[in-house]
Amino acid sequence: MQQARADMDALSRNLASAFPDTNQGTSANLTPLKQQIVGQVRPLLLVLLAAVGFVLLIACLNVANLMLARSTVRTREFAIRAALGATQARVVRQLLSESVLLGITGGALGLLFANLGTRAALSTLPTTLPRADQIRLDTHVLIFTAVTALMAGILFGLTPALKMSRTANNETLKEGGRSSSGTRHRAQGVFVVTEMAMALMLLAGAGLMVRSLVRLWQVDPGFDPHHVMSFGLTPPPSVLTASAERIRVHFRELNRTLREIPGVEAVAQTSGAAPLDYDDEQLFWLEGKPKPVNDNEMNWAIAYIVDPDYLKVMKTPLVAGHFFTPQNDEHSPRVVVVDEVFAKKFFPGQDAIGKRIHLKTADQLAEIIGVVAHVKQWSLDSDDTQQLRAELYIPLVQMPDDYIKATASTAFVVRVAGDPAALFASVRHVSQEMSGQQVIYGQETMEQVVSRSIASHRFLMILLAAFAALAVILASIGIYGVVSYVVGQRTHEIGVRIALGAQKTDVLRLILGGAARLVLTGTFIGVLGAIALTRVIATQLFMVSASDPLTFVAVSLLLVFVALMACYVPARRAANVDPMVALRYE
């Protein structure tokens, strides 16, 4: 790479020397192709990989918790096995084989669901995600899943297996298998706290993305995308090869015909840049300033080359002056309209109306007749940070003849009274009536364009929200299982308490209080972890801090509420224990 950059620097210097008008000051920047393709999406995929890892960990902790609880019931069984000669290693192998079987079975079912879910997920992928068409369940995915399932079964079955293998057999046989291990309770408590913390982290990330997407939808793009459709159009070959004047006449006739369609409010032909879609630049210099010696020293502006009705279609606010009229044709003096950014940048503290600029394409002066609001050309969230923001509107019919002939294939934007998609069939029918060789392509609504511009944010939000919801469900199941296990182990104690006068509210308070301590501890740790981890998605957020207090408070309350509701069912069952049954419980 270093040698290639040195070669390109030398080449740039030679070009600047040979062609000073166009290459002076121009340099080359080399970037590895892989970085160019996947560089921007790498953080997104890493975040999703971490989210998947969290959900997997929560599921594995649940399995470990349930196996710990189940092992309590089997304490007497394994004590008898040990008494009959089973070694500690034999007991561990048996329990590990059961957990590995669970892991492999779960992995197989996961692949089945993934095969179905991947198809649905692909339909929501942003078009900017590289190589999205190659995403499928291949050999690499199968091997990765098999290894992950196997390792999960071993690692998270190891703790219950070791706990069980260390049980004091004599004491277990004497107590009839009813003994409760404080160490086991602590291990389960640690698992629950960990689950709560990871679920909170995912909830915080999803909450931040939801708030960010809501803020994005509220951003004014500088135009009204509702009830507007756009499409490309290629005229028949007889027009493509005709003179510039003949091409202008053809499109005037097409405009008039499209406006006559019932439901159409305004039609405009466009070229150059399109908001949030593709860009085009225009070189110029200000009147009264010497012509720059080369292109690199000229001023740049985003160029919208449009018809007079463009503002009616897009509803971009007019700030000063007026927009183009049909009188601003190819025979009249050249005029342009600029946006607010252009006016403030090149005419600070002045009225831009009446000022003139030299357009390099037309090679003549053009007068500024109006100022319009700025359109967020690059994106809804980062347009303000772009270096090139000044926008320039040029009448299409005033473009040079060579430009008209070279860009005979053009685009249209149409504002309609109802649903744009419903009216498109009429537009196509009218076009075919004019000429069967006229082709319309690339039709879409401006709402789809806006939606596509935030597709990566929406994609990340959907997946994070799905993972967070799954994490909350799994964590709730986990704490439900632990509380149910504790209630089962303390049935005798609860019966004694009730027999001695404890009320149902006292029992509820006892059980829910212990669960609440676990939940609140996990939530607190999760908040601390989320503050650190959500900084990874900071670049995907818009007008929302990575440590937004409102989001953190909301998701914490949600998680605590759901977890306590999961605890309420076994707690209520404990409160309804019959003292006589509980006192006979062995």
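Worth a mention:
- For the chain, relative contact order (Cα pairs under 8 Å, six or more residues apart, normalised by length) works out to 22 percent.
- Membrane-span-like helices in the chain (whole DSSP H runs, Cα extent of at least 15 Å along the helix axis, mean Kyte-Doolittle hydropathy of at least 0.5): 42-73, 88-122, 139-165, 182-217, 455-489, 504-533, 549-575.
- Evaluated over the chain, the count of Lys pairs having alpha-carbon atoms less than 27 Å apart is 27 (only pairs 8 or more residues apart or interchain).
- The stretch between Ser451 and Arg509 holds 16.0 nm of extra length on full extension. This uses 0.36 nm per residue minus the Cα-Cα distance.
- Between Asp279 and Asp401, the modelled label-to-label distance comes to 3.4 nm, taking each label 7 Å out from Cα in the direction of the beta carbon.
- Shape category assigned to the chain from the gyration tensor of Cα positions, a/c cut at 1.5: prolate
- In a fully extended conformation the segment linking Asp384 and Trp300 would gain 28.6 nm over its present Cα-Cα distance, using 0.36 nm per residue.
- In terms of its C-alpha gyration tensor, segment 236-437 has a prolate overall shape, because the principal axis ratio a/c (a ≥ b ≥ c, square roots of the eigenvalues) is not below 1.5 and a/b outweighs b/c.
- Summary of the geometry: segment 200-261 and segment 477-493, compared by the centres of their Cα atoms, lie 60 Å apart.
- Computed over neighbours whose Cβ is under 13 Å from that of Pro420, the net charge equals -3, Lys and Arg +1, Asp and Glu -1.
- Residues whose placed amide H lies under 5 Å from that of Leu283, excluding near-sequence neighbours: Lys360, Thr361
- Proximal charge balance of Val372 [Cβ under 12 Å; K/R count +1, D/E count -1]: -2
- Cβ-based net charge around Pro308, under 15 Å, with every Lys or Arg adding one and every Asp or Glu removing one: +3
- Value of relative contact order over segment 331-373, rounded to a whole percent, pairs C-alpha under 8 Å and six or more apart: 52
- Three-way shape call for segment 466-586 based on the alpha-carbon gyration tensor, with the a/c threshold at 1.5: prolate
- For segment 223-289, applying the loop criterion from DSSP together with a ceiling of 15 other beta carbons within 10 Å to the GluC sites (Glu not before Pro) yields Glu260, Glu287.
- Sites Arg42 and Ser238, calculated FRET efficiency, Cβ-Cβ separation with R0 35 Å, nearest 0.05: 0.10
- Looking at segment 236-437 alone, DSSP beta bridges between its own residues are antiparallel in about 70 percent of cases.
- For segment 33-104 and segment 534-556, distance of Cα centres in Å: 31
- The residue among Ser230, Ala538, Val413 whose Cα reaches farthest toward the positive pole of the charge dipole of the chain, with charges on the beta-carbon of Lys, Arg, Asp and Glu, is Ala538.
- Mean ellipticity per residue at 222 nm, deg cm²/dmol - from DSSP H runs of n ≥ 4 across the chain, formula -39500 (n - 2.57): -19500 deg cm²/dmol
- Amide H contacts of Glu265: Arg415, Val416, Ala417, each under 5 Å away and 5 or more positions distant or on a separate chain (H built 1.01 Å from N in the peptide plane; Pro and chain starts excluded).
- Less than 5 angstrom separates the built amide H of Thr316 from those of Asp224, all sequence-distant by 5 or more or on a different chain.
Bear in mind these aren't lab numbers, they're just calculated from the coordinates by the rules spelled out. Just so it is clear, the model here is predicted, and its values are computed rather than measured. Reconstructed Cβ throughout: ideal geometry from the backbone, glycine too, with neighbour counts over all protein chains shown.
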